[in-house]
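Everything on this sheet refers to the single structure shown next.
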Amino acid sequence: MPGSLSTALRVVGTSLFALAVLGGILAAYVTGYQFIHTEKHYLSFGLYGAILGLHLFIQSLFAFLEHRRMRGEGRPVRLGGSVALCIAAYQEDPDYLKKCLRSVKRIAFPDLKVVMVVDGNGPDDTYMLDIFHEVMGSERSGSYVWRSNFHAQGEGETEAGLQEGLERVQALVRGSTYSCILQKWGGKREVMYTAFRALGDSVDYIQVCDSDTVLDPACTAEMLRILEADPRVGGVGGDVQVPPWRGCWGWGGTQRRWGSRLSPPQILNKYDSWISFLSSVRYWMAFNVERACQSYFGCVQCISGPLGMYRNALLQQFLEDWYHQTFLGSKCSFGDDRHLTNRVLSLGYQTKYTARSKCLTETPTRYLRWLNQQTRWSKSYFREWLYNALWFHKHHLWMTYESVVTGFFPFFLIATVIQLFYRGRIWNILLFLLTVQLVGIIKATYACFLRGNAEMIFMSLYALLYMSSLLPAKIFAIATINKSGWGTSGRRTIVVNFVGLLPVSVWVAVLLGGLAYTAYSQDLFSETEVAFLISGAILYACYWVALLTLYLAIVARRCGKRQEQCGLAFAEV
């Protein structure tokens, strides 16, 4: 069969499949078909709930199978490719940067080339160059403060000076084992472009890393193992964690193997606040269930910036297109890692995830900074969803199915909430809240089983954060999808942006208004409904009392006590 005809058939087939999935979910939602229900529908189980439950089961099953496959990948293999590690840095906290670079020096991989590019060349940025020399060693590292970058000429820079700078950067990066470039500010994508362009075809693989990341010594070898084992794989991501504490409940003071050596579980800022703790358990779920499932089918949709590796030959093919990406006529300056992954998928190559490659990273400790981060990620998700849809036909049908389900689920959920709060009864609202937490407990229990760590039960608390904050943030992200920028301030000087509170405030007002309207317009409760309301309220209260008691006893007493956090043993020189 001619290639063009085969491609056309696959495009038509995947398009029809996507429409069938969306149409099926929409039909189940609109018809509200129920398999079983009590008198007056106080309790019921319908087709829509069955579809969502089946989705969670299938996702969890394939994640489990992928983890079982990962455990069988520990056999030694000969790794012959050359690797360059590219670190993107912007106004980083000095402590985090030192830990990052110390961990880089301890990576167990021969002849690893390290390139750190700093987004900024002013007096406020030179401290990062000093830290680089201090940790990596001045005698083994080269550096250059560039007045320009590859796409913007510095103030007072001549054309000849710009060309000389380009040549010097390329020579430095290719000729030095460790190199650090300070360049004119241009955003994270500009920083990554400089590293990729300067390396050219001098290495076989490029590993990416953020300046707030602490890498496990075996991370490079474990990702390279995946790429060299299968030529169809174009990129691979690792497990990004804010991991468990030392000698506490859930670990019992024991040690476990972390990479290539025994090391107690370590942390960066997991206990700085409640938001960083909940983010840590959410990180684990996102990587080890959702991305593990995607990896089973070879279609991981985002290789995260803290830990990823790509075939350099592929990266150099789409480097210019990746850098010059536009959306609705504007140049894109966020979602760099997701678009990098999408470019690999667009060529028909698979993308994988391995939990055997690990790193630790910083996560926001303040609600507003977390909210702004989630809004930025949602913008890139919806934008890249549209781009990703162009390549559904090149990959397994799971990629099409999951993209449709996860892409449209927030809208179904918002419609459900508004309908219940304005057209339902008080019992319907309470039942919805109970159902949300029940699903959260089921997912958290599965995570406890998969991870072998009881702390994952707190994942169920994240459901309330999703309902109250992430849903309105997603809608706000769509409304402002064309607003660009670096996205977050550097960690050295945190800038608070209160704009993210606007959609959350509107959402809360909508829910409170609906609750008041329903309470006002509802008829008198029947005896049966009163009994259900009392029972449901007691059950809901008991759930929160139990979880919050555990949280206060185990987690809250550690939050905000950074001095009690253990050091990063594998990051120390």
Among the residues of the range 88-105, is there at least one that is of a type in the set (A, V, I, L, M), at negative phi and assigned to a strand (DSSP E or B)? yes
Just one of (1) closer than 26 Å to Arg338 by Cβ; (2) assigned to a loop (DSSP other than H, G, I, E, B); (3) touching a Ser or Thr at 6+ places or on another chain (Cβ under 8 Å) trips up Gly186, so point out which. (3)
Count of residues meeting criterion [surrounded by fewer than 20 Cβ atoms within 10 Å (Cβ to Cβ) and in contact (Cβ under 8 Å) with a residue 60 or more places away in the chain] in the range 390-400: 4
Checking the structure you have, find out if any residue of the range 341-350 is within 28 Å of Met70 (Cβ to Cβ) and under 17 Å from the mean Cα position of the chain (by Cα). yes
Kindly indicate whether any position in the range 167-186 is of a type in the set (Gly, Ala, Ser), without any contact (Cβ under 8 Å) to a residue 24 or more places away in the chain and surrounded by fewer than 23 Cβ atoms within 10 Å (Cβ to Cβ). yes
Which listed residue is without any contact (Cβ under 8 Å) to a residue 24 or more places away in the chain, surrounded by fewer than 20 Cβ atoms within 10 Å (Cβ to Cβ) and more than 25 Å from the chain's Cα centre (by Cα), from Asp130, Asp111: Asp130
From the options Arg282, Arg343, Arg291, residue that is of a type in the set (Lys, Arg), farther than 27 Å from Lys99 by Cα and not in a strand (DSSP E or B): Arg343
Being part of a helix (DSSP H, G or I), in contact with a Phe, Trp or Tyr (Cβ under 8 Å, 6 or more places away or on another chain) and closer than 28 Å to Cys448 by Cα is the requirement here; does Ala28 meet it? no
Only one of (1) out of contact with any Gly (no Cβ under 9 Å at 6 or more places or on another chain); (2) more than 18 Å from Leu397 (Cβ to Cβ) fails for Leu16. Which number is that? (2)
Residues that are in contact with a Phe, Trp or Tyr (Cβ under 7 Å, 6 or more places away or on another chain) and either of a type in the set (Ser, Thr, Tyr) or crowded, with 23+ Cβ neighbours inside 10 Å (or both), drawn from the range 364-382: Thr375, Lys379, Ser380
Can we say Arg338 is without any contact (Cβ under 8 Å) to a residue 40 or more places away in the chain and either closer than 29 Å to Leu215 by Cα or in contact with a helix residue (DSSP H, G or I) (Cβ under 8 Å, 6 or more places away or on another chain) (or both)? no
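Within 22 Å of Ser333 (Cα to Cα), in a helix (DSSP H, G or I) and of a type in the set (Asp, Glu), is that true of Glu134?
The answer is no for Glu134.
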Run down Trp284, Trp322, Trp274 and say which single residue is surrounded by fewer than 21 Cβ atoms within 10 Å (Cβ to Cβ), modelled with pLDDT of 90 or more and among the aromatic types (Phe, Trp, Tyr). Trp322
Mind listing just one residue for me: the one in the range 371-423 that is in contact with a strand residue (DSSP E or B) (Cβ under 6 Å, 6 or more places away or on another chain) and part of a helix (DSSP H, G or I) and, of those, farthest from Thr480 (Cα to Cα)? Met399
Out of curiosity, is Val233 buried (at least 23 other Cβ atoms within 10 Å of the Cβ) and modelled with pLDDT of 95 or more? no
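The values are calculated or read from the model by the stated rules, or taken from the named source; none is laboratory data. Not measured: the values here are computed from a predicted model. Using ideal geometry, Cβ is built from the backbone for each residue, glycine included, and neighbour counts are taken over all protein chains shown.
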